[in-house]
Amino acid sequence: MTKIDFYVLDHEAVQQRYLFACRLIEKAYRLGNAVFVHGSSQPQLDKLDQMLWSFRANSFLPHRYYPLAEGQPPLAEGEIILSTGLPPESYHDVMINLSNQVPDFFSRFQRVSEIVVQHEKIKQATRDNFRYYRERGYEVKTHQLAQ
């Protein structure tokens, strides 16, 4: 069964959510996981894309958008994928959900991570997501993080 983790930050700024997402992506990637980041909009993923290039000076996290644009090479094993749609068939390790809703395909992943900041819209959406997982019998772990 999919393991669900909620990371609750004590910041209101959405920027902190992206920064923590970068750290979480880096950790999962370094542990050898195929990481799929599900976003609610292209501008949201564009912001994350920019931060993945610059959040740490000495770190490179190979990532790109999915579905792949015509003419792009096929996915490399374990590449980090950013998408507002369905994940590639081969991705089932880790999903980081930055969307305001739980995607229908979440249960195909071994782990799902949700990141909560104290911004009212995000807080309400992630509460709804928490309730959604719980009502379906998933064990949900909450991690309170002070930054």
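A few points about this structure:
- Of the residues examined, Arg127 is one that is assigned to a helix (DSSP H, G or I) and either open to solvent by less than 70 Å² (accessible area, probe 1.4 Å) or not aliphatic (A, V, I, L, M) (or both).
Conditions tested, residue by residue: (1) closer than 24 Å to Asn100 by Cβ; (2) part of a helix (DSSP H, G or I).
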{"residue": "Tyr29", "(1), (2)": "no, yes"}
{"residue": "Lys47", "(1), (2)": "yes, yes"}
{"residue": "Asn58", "(1), (2)": "no, no"}
{"residue": "Leu82", "(1), (2)": "yes, no"}
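- Residue pairs meeting the criteria (Cβ under 9 Å; at least 6 apart or on separate chains; first of a type in the set (Ser, Thr, Tyr), in region 100-127; second open to solvent by 20 Å² or more (accessible area, probe 1.4 Å)): Ser107/Met1; Ser107/Arg136; Ser107/Tyr138; Ser113/Tyr7; Ser113/Leu24; Thr126/Val8; Thr126/Asn100
- Leu75 open to solvent by less than 70 Å² (accessible area, probe 1.4 Å), at pLDDT below 90, touching a Phe, Trp or Tyr at 6+ places or on another chain (Cβ under 7 Å) and part of a loop (DSSP other than H, G, I, E, B): no
- Looking across Tyr18, Tyr7, Tyr91, Tyr29, one residue alone is buried (at least 16 other Cβ atoms within 10 Å of the Cβ), farther than 24 Å from His143 by Cα and of a type outside the set (Asp, Glu). It is Tyr91.
The values are calculated or read from the model by the stated rules, or taken from the named source; none is laboratory data. It should be emphasised that the depicted structure is a prediction, and the values quoted were computed from it without experimental measurement. Don't worry about glycine lacking a Cβ; one is built from the backbone with ideal geometry, like all the others, and counts go over all protein chains shown. In case anyone asks, the SASA skips ligands and DNA or RNA and just uses the protein heavy atoms, side chains included. Shrake-Rupley method; radii C 1.70, N 1.55, O 1.52, S 1.80 Å.
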